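One structure is given below, encoded as structure tokens.
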Amino acid sequence: MIVFCGYANNDVTVHVPHVPVLGERVQATAISQIDGGMNANAAVSAARMGAQVIFAGAVGPDARSTEFLEALEADGVDTSWSPRDAFLSTAVVLIAQDGDRSIISQDDPNDAERIGVVITRLAAAGGGRLFLDGYRAGFLPEGLPGSVSLVIDLDGCENKAAALRAFALADHVVVGRALWEGEFGIGFDQWQALAAEHNTHLLVTDGSRGWTLATPDGEVTSEPAVAVDVVDAVGAGDCFGGTYIAFVDAGRSPVDAARLAGASAALACATAGPRGCPTRDELDSFTATLTPHTLLETR
């Protein structure tokens, strides 16, 4: 069982010729509203891979929140843990013709108290994996029940200390290289040591350049991204994280899970919308057409 708790958004998606700079005005070519949210997208991705998934993010009592939860249920996500006493947050997504994007997101109500309730409930249910987005990194308690395994996608976390504390609690960490190395200054030479020190699998994604996995036993594997014609990269990282942990939960090795997640994210990039993650059958059909990966780096 994997419980996802974090962002659930009503995405207002605006397609533009290019992402505008400060003071610039551009004409939108299309505007739409669609379900999104970093954590909800990841939950859908995991469910489509066949995992037992619960979404526990707080939403509102309104009709739009009901529609949002019904869409999750249609994808096989159990929403019975989602409180209805808050609100469904909104994100404005600007998508350029070349696939680049900018996102303006509203903060949501999933705070430390709500995270604590989910942890307690998961432990009482016999335990399982708790998947959080990076916005929740600063809300984690000092420790977790032994039956609860933490998975966190650190993208969205702006505090290095909170990120490292979450890293120390987690069994699996997914993070974009731009954040991990660029903003936090944690270079490649430190990844292996951190993974070993905290007994954590560190999976660093790097967009079109692929991914790197550092395991607790000292192995580091880097592989290229699967090449596709990009239509819309929004949600591809969420798809990667959800697919990865679904296959880990199903018993696949982290390296195999990362490879499958990379292929799944590639298909998401070739599909419009934040929930372009494929179904398991679609992923199997796609991977059957690919030649085996050549490892770029194994240390």
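The values are calculated or read from the model by the stated rules, or taken from the named source; none is laboratory data. Since we're looking at a predicted model, the values are computed, not measured. Don't worry about glycine lacking a Cβ; one is built from the backbone with ideal geometry, like all the others, and counts go over all protein chains shown. Remember, those area values only see protein heavy atoms, side chains included, never the ligands or the DNA or RNA. Shrake-Rupley method; radii C 1.70, N 1.55, O 1.52, S 1.80 Å.
General observations
- Per atom type, region 98-195 shows carbon and sulfur on 49% of its accessible surface, probed at 1.4 Å.
- Taking each residue as 0.36 nm, the span from Arg121 to Thr289 lengthens on full extension beyond its C-alpha to C-alpha distance by 56.3 nm.
- For region 146-248: Kirkwood Rh in Å [reciprocal of mean 1/r, alpha carbons]: 14.0
- Largest to smallest principal axis extent of the C-alpha atoms in region 111-192, angstrom: 39, 25, 18
- Report note on the peptides 280-289, 134-143, 245-254, 31-40: ranked by the mean count of other C-beta atoms within 10 Å, highest first, their order is 31-40, 245-254, 134-143, 280-289.
- Which of Ala265, Leu283, Val117, positive extreme of dipole for the chain (C-beta unit charges): Val117
- Inter-part distance where region 220-252 and region 1-22 are each reduced to a Cα centre, Å: 18
- Only helices enter the 222 nm calculation for the chain: every DSSP H run of n ≥ 4 contributes -39,500 (n - 2.57), and dividing by all residues gives -10000 deg cm²/dmol, rounded to 500.
- Histogram of C-alpha separations across region 211-262, 5 Å bin width, %: 5, 19, 26, 26, 15, 7, 2, 1
- Considering only beta bridges that DSSP places wholly inside region 38-179, some 30 percent are antiparallel.
- Estimated from the Cβ-Cβ distance and a Förster radius of 22 angstrom, the FRET efficiency linking Ala250 and Glu197 is about 0.20.
- Its relative contact order, with pairs defined as Cα atoms under 8 Å and 6+ residues apart, puts the chain at 17 percent.
- On a per residue basis, region 83-153 carries 46 Å² of accessible surface, using protein heavy atoms and a 1.4 Å probe.
- A simple spin-label model places the labels of Val12 and Asp62 1.1 nm from each other, with each point 7 Å out along Cα-to-Cβ.
- Put simply, the C-alpha atoms of region 37-180 give a gyration tensor, and the ellipsoid matching it has half-axes of 23, 21, 15 Å, longest first.
- P(r) weight above 25 Å for the chain, C-alpha pairs, percent: 45
- Taking 0.36 nm per residue of separation and subtracting the Cα-Cα distance, full extension of the segment from Arg84 to Ser32 would add 16.3 nm.
- Site pair Glu183 and Asp98 shows an inter-label distance of 2.2 nm when each label is modelled 7 Å from Cα along Cα→Cβ.
- Taking region 148-232 and dividing mean pair separation by its residue count, relative contact order in percent (alpha carbons under 8 Å, at least six apart): 22
- FRET efficiency for Asp217 and Glu282, using Cβ-Cβ distance with R0 set to 25 Å, rounded to 0.05: 0.15
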